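Any read-out appearing in this document is the output of simple, stated calculations on the displayed coordinates, not a laboratory observation. Remember, predicted model here, so these are calculated numbers, not experimental data. Using ideal geometry, Cβ is built from the backbone for each residue, glycine included, and neighbour counts are taken over all protein chains shown.
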Amino acid sequence: MSTHVAEVRWELSGEDFCAGKYSREHVWSFDGGVTVPASPSPHVVREPYSNPAHVDPEEAFVAAIASCHLLTFLYLASRRGIVVTRYVDAAVGKLTKNERGVPWVSKVVLRPQIEYADGSRPSAELEAELHHGAHEQCFIANSVKTEIVVEGVTS
C-alpha cells in the first residue's frame, strides 16, 4: 500500500554519556520537509537532559491517535452529507505500568468538540455511530493495543 518514513537524529552533547548526563533532545524530520524538535518527557527524564518545550514520543503517540480519529471521522461525516465546520480534540494519554512493570501508554481518551453547519448536526446516535466507525477504520487505532475511548462532546 504505502511506506511512511521519519528520520530521527540525535548527537551527543553533555557531560558524561556513561553516567547518563547527556541531552536526549533530538529532531524528527519528515519527507514533506517538516522538522520537529523532540525530547523525552520531563516526567520520564528530568531536566536538563530533557526539554519540556519539545514534543515527546508519548505526546506524539496521543496526537497520532487523535489525528487519525479526526481524519477518519471527517471522511465518514462527509460521505453521509454531514458538514463539519470545526473539530477540536483535547486528547489525553495515560502512562501506566504493565504486568512486567514497564511503562506504556495504556489508555488514550479523545474528547472531540465538534461544530456542524446549520442543518447538518447529526443525532446523538448518528454521531456515536460516526465515532465508532472512525475508531474501527483508523489506521493508527488498528495498529496499537492501547485502549482508546471517545468521550464526544458536541458544541
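Miscellaneous remarks
- Taking 0.36 nm per residue of separation and subtracting the Cα-Cα distance, full extension of the segment from residue 79 to residue 98 would add 2.9 nm.
- If the chain linking residue 60 and residue 47 were pulled fully straight, counting 0.36 nm for each residue of separation and taking away their Cα-Cα distance, it would gain 2.7 nm.
- Cβ-defined net charge surrounding residue 147, 12 Å radius [Lys, Arg +1; Asp, Glu -1]: +3
- Taking packing as the residue-averaged number of other Cβ atoms within 10 angstrom, the listed peptides 11-19, 90-98, 132-140, 104-112 run from highest to lowest as 104-112, 132-140, 90-98, 11-19.
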